[in-house]
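Okay, so here's the structure we're looking at.
The values are calculated or read from the model by the stated rules, or taken from the named source; none is laboratory data. Just so you know, these numbers come straight off a predicted model, no measurement behind them. Note: ideal-geometry Cβ built from the backbone for every residue, glycine included; neighbour counts use all protein chains shown.
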Amino acid sequence: MARPAPVRAHRVPRGLPKSPPGWLSAPAKLAWRRLVPLVGDSFVESVDVLDTDALAFLCEHYAIAVAAAKEMRGRGNVPLVSVPDGGHGANSVKKNPAVQAFRDATKTWLELAERYGMTPKGRRLLASSVLPELDDDDDDADLFES
């Protein structure tokens, strides 16, 4: 009986690509170029090329939120807008779609940003997962001891 070929563990390259994925919108690419150095220089040591798509989605949601904010500002930041009612001479009031787009994109951005320590809560969570757990009964425990 033939033995199965050994499974080789592939090493994942460390760090994120400096160039953003080609499918990102222009504003999302700008966000990528601004965020990647910050994430790479932070204490988030486990960020690598496997995180490329997640960070790309974070950047795209940022771009969507910015576009929605500009649209809202153009209409006066109102949750309701007046739109022509099919030529009947009256306008109707409808929910401003930019408000919902902004809300959705911001919510998604915050969820993703937390994973990379880009929010105060995210930094606390990452810091607590990086620091070793100390036994309260161990008086000799020293974080700075190697």
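Observations on the structure shown:
- If only residues of region 95-133 that are over 17 Å from A65 (Cα atoms), aliphatic (A, V, I, L, M) and in a helix (DSSP H, G or I) are counted, the one that is modelled with the lowest pLDDT is V130.
- Filter result (among the aliphatic types (A, V, I, L, M) and crowded, with 20+ Cβ neighbours inside 10 Å) within region 48-63: L55, A56, L58, A63
- Answer residue from region 17-56, given it is touching a Gly at 6+ places or on another chain (Cβ under 7 Å) and either polar (S, T, N, Q) or more than 17 Å from G122 (Cβ to Cβ) (or both) and is modelled with the lowest pLDDT among those: S42
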